[in-house]
């Protein structure tokens, strides 16, 4: 997960307060927090459809997810965050090693794996795509970026998402879906490529649109391993959200735009249908609200595809975000395993939609 550091006109206004505290002049931080709070209050007051929780009942899907081993998740995260370091844009050799590791794991799970190579700044990079289920027809895309911010091991952001993707692959390999599901490891999500045409998810979404591929939905698996039961461990981009959401960072969130509320509700209900006691919340909000578009799902919005992010909220919870302290031993793998089970239930709900959860195509 990342913030915008490169788009002119945004880096010094809408996203500036999210940088490291040492990077922010105090007056600018105060001004933007005040403006953000006012904007959030305006959103809350305007419409409950744009901003709010999905109704927890009824759960539209019956789901019995497979077992997910927390130790396997830990092994993936530790390998990605320790062995293939650094994993930033300036070290394509390590990104290539990580891509090979991901491709091997996806192939062992039974996926039909292929690379999606491209060049950026004169260097070679690749997305890794694994297909489960039929080859043709409409598809579901689930992706996680495997690069990390410069100077960070990137355990939560986003080795956790990749580990979840690999364990989801093992579940899908043992029970192939009736509709095509593509699991994709994206490269170059972090600055300086974030929101540029060289971002891995932009390359992939643009190629899908160019070929006219039908995508039922996309889920970005973004930072899913950090949880805390401590009071006030959860922060929000605007103060108004504290009135609606928990103060403890012990839940997983489904985040998207108001236009994708049907998809948000379907994924949220599927997470609850996993019945593994992991709390979940959902947010349907305008794209301008801080954090709503901070990952690969936004690349699919840009191409007109419905998409959501499943996340532990990253920088709004994890104090190690984009620092050298974002290490494998800071994550909660038992709760992370429950997230993966919820993702399996989300796949089941999305590939066999019911009349109560029809999605835009």
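The values are calculated or read from the model by the stated rules, or taken from the named source; none is laboratory data. The structure displayed is predicted, hence computed values, not measured ones. When we count neighbours, we look across all protein chains shown, and the Cβ atoms used for this are built from the backbone with ideal geometry, even at glycine.
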When (1) within 18 Å of residue 344 (Cα to Cα); (2) surrounded by 22 or more Cβ atoms within 10 Å (Cβ to Cβ); (3) touching a strand residue (DSSP E or B) at 6+ places or on another chain (Cβ under 6 Å) are applied to residue 281, the one that fails is (2)
The stretch 321-340, residues that are surrounded by fewer than 24 Cβ atoms within 10 Å (Cβ to Cβ), part of a loop (DSSP other than H, G, I, E, B) and out of contact with any helix residue (DSSP H, G or I) (no Cβ under 6 Å at 6 or more places or on another chain) = 323, 324, 325, 332
Being surrounded by 22 or more Cβ atoms within 10 Å (Cβ to Cβ), touching a strand residue (DSSP E or B) at 6+ places or on another chain (Cβ under 8 Å) and not in a helix (DSSP H, G or I) is the filter here, so list the residues in the stretch 200-249 that pass it.
-> 217, 218, 219, 220, 221, 222, 223, 224
Specify the residue that is modelled with the highest pLDDT; the eligible residues are those in the stretch 172-199 that are surrounded by fewer than 21 Cβ atoms within 10 Å (Cβ to Cβ) and in a helix (DSSP H, G or I).
-> 173
Residues (assigned to a loop (DSSP other than H, G, I, E, B) and surrounded by fewer than 21 Cβ atoms within 10 Å (Cβ to Cβ)) located in the stretch 65-87 | 66, 67, 69, 85, 86
Residue check for residue 255: within 27 Å of residue 190 (Cβ to Cβ) and touching a strand residue (DSSP E or B) at 6+ places or on another chain (Cβ under 9 Å) | yes
